[in-house]
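The structure appears below as structure tokens.
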Amino acid sequence: MFVYARQRNVITHEIDDRQEGKNEKQLNVFFISDIHHRKIDEKLLEKIRNGLAIDLVIIGGDLAERGVPLSKIDRNVRNLSLLGPIYYVWGNNDREVGEQEIRAILARHGGKILDNENTAIPGHPTWGICGTDDPSSRNVDIAATLRYIDKYKRVIVVTHTPSLFRKIEPLYKPRLLLAGHTHGGQIRFGRFGIAEKGAFRDNGGSAKLISNGYGTSSLPLRFGAAPESHIISIRYTETVPKECK
């Protein structure tokens, strides 16, 4: 179970939003959550790159927890920043190492903390990304997170805790919802576990990804819920301006 928990799995998902006769583009997203005590090493970075240019890196909370050295957190963020610009949401354990310390590390490496807010994705201006704080902070503000969201054609919403999906979806249907937190149950026996196994689902209008996460909490062990990180490749089209036709 210890060796199983140290796997460097990178799962690829595809979303196809193309329409005939329009300008085709591709947005490549790397998503990782629940790093906790694990190390982001060169072997993982090599698997992620694999000839693919990453447009943005999303850290879905629990970058750390109590007992993780700040130097290790800094090194992990620095290594992830080598892939592309970083966007981050708080997890329930992150503030255990100090909120200001986490903010300083993200700022040092050009990371953007999505504090109940949204912003445009560089190079893909019709796409927005927004993120919420974690419920453990008692600072979740869904209204602020979705403020002015209609200015984007498509939106990625990131939360650490997937239970927030139920609060977001009645108000807005993003193209992609991302979360972690559950670890997929971390230790499972068949279909039995303390939480559902992570999964990706796309109904053609709104996709959801709940990740098993990359690290472990409490015990450095996994069984039946392999560690994972994700590349989501989104092919989409935009209307070509008349002057370009």
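Magnitude of the charge dipole for the chain, about its Cα centre and with charges confined to Cβ atoms of Lys, Arg (+1) and Asp, Glu (-1), is about 360 debye.
I want the antiparallel fraction of DSSP beta bridges within the chain, as a percent rounded to 5. Present the calculation step by step, with values, prior to reporting the outcome.
Values: 19 of 49 bridges.
Taking every DSSP beta bridge with both residues in the chain, the antiparallel ones total about 40 percent.
Checking [x] 141; [y] 133; [z] 114 against the coordinates, the calculated volume of the Cα convex hull per residue in Å³ falls under label [y].
When you count, for each residue, the other Cβ atoms within 10 Å and take the mean per peptide, how do 154-161, 6-13, 230-237 rank with the highest first?
Numbers: 154-161: 25.5, 6-13: 14.5, 230-237: 19.2.
The most tightly packed comes first, giving 154-161, 230-237, 6-13.
Once neighbouring chains are kept in place and the probe is 1.4 Å, which whole percent of the accessible area of the range 1-88 is contributed by carbon and sulfur? Working shown, then result.
Numbers: 1940 of 4200 Å².
Heavy-atom surface of the range 1-88 belonging to carbon and sulfur, 1.4 Å probe: 46 percent.
Keeping the other protein chains in place, figure out the carbon and sulfur percent of the accessible area of the range 107-243, with a 1.4 Å probe.
Details: 3400 of 6350 Å².
On the range 107-243, the fraction of accessible area on carbon and sulfur atoms equals 54 percent.
Looking at the range 1-134, the DSSP beta bridges with both ends there are about 35 percent antiparallel.
Taking all Cα-Cα distances within the range 150-245, those exceeding 23 Å account for 38%. Over all other residues within a Cβ to Cβ distance under 10 Å of ASP16, the charged ones net out to -1, with Lys and Arg as +1 and Asp and Glu as -1.
Post the alpha-carbon centroid distance, the range 107-152 to the range 1-36, in whole angstrom. Comparing the Cα centres of the range 107-152 and the range 1-36, I get a distance of 19 Å.
All other residues with a Cβ under 13 Å from the Cβ of VAL140 taken together, and with Lys, Arg as +1 and Asp, Glu as -1, what is their net charge?
Values: positive: ARG138, ARG166, LYS167; negative: ASP115, GLU117, ASP133, ASP134, ASP141.
Charge balance near VAL140 sits at -2.
Just the number please: accessible area per residue for the chain, 1.4 Å probe, all protein chains included, in Å². Working shown, then result.
Details: 11470 Å² over 245 residues.
Heavy-atom accessible area per residue stands at 47 Å².
Dipole size of the range 66-190 about its Cα centre, with +1 on Lys/Arg Cβ and -1 on Asp/Glu Cβ: approximately 360 debye, rounded to the nearest 20.
Ranking SER229, LEU146, ILE105 by how far each Cα lies toward the positive end of the dipole of the chain (charges on Cβ) leaves SER229 at the top.
The values are calculated or read from the model by the stated rules, or taken from the named source; none is laboratory data. Please read all numbers here as calculations on a predicted model, not as lab measurements. Neighbour counts are summed over all protein chains in view; Cβ atoms, including those assigned to glycine, are modelled from backbone coordinates with ideal geometry. Heads up: the accessible areas ignore ligands, DNA and RNA and are worked out on the full protein's heavy atoms, side chains in. Shrake-Rupley method; radii C 1.70, N 1.55, O 1.52, S 1.80 Å.
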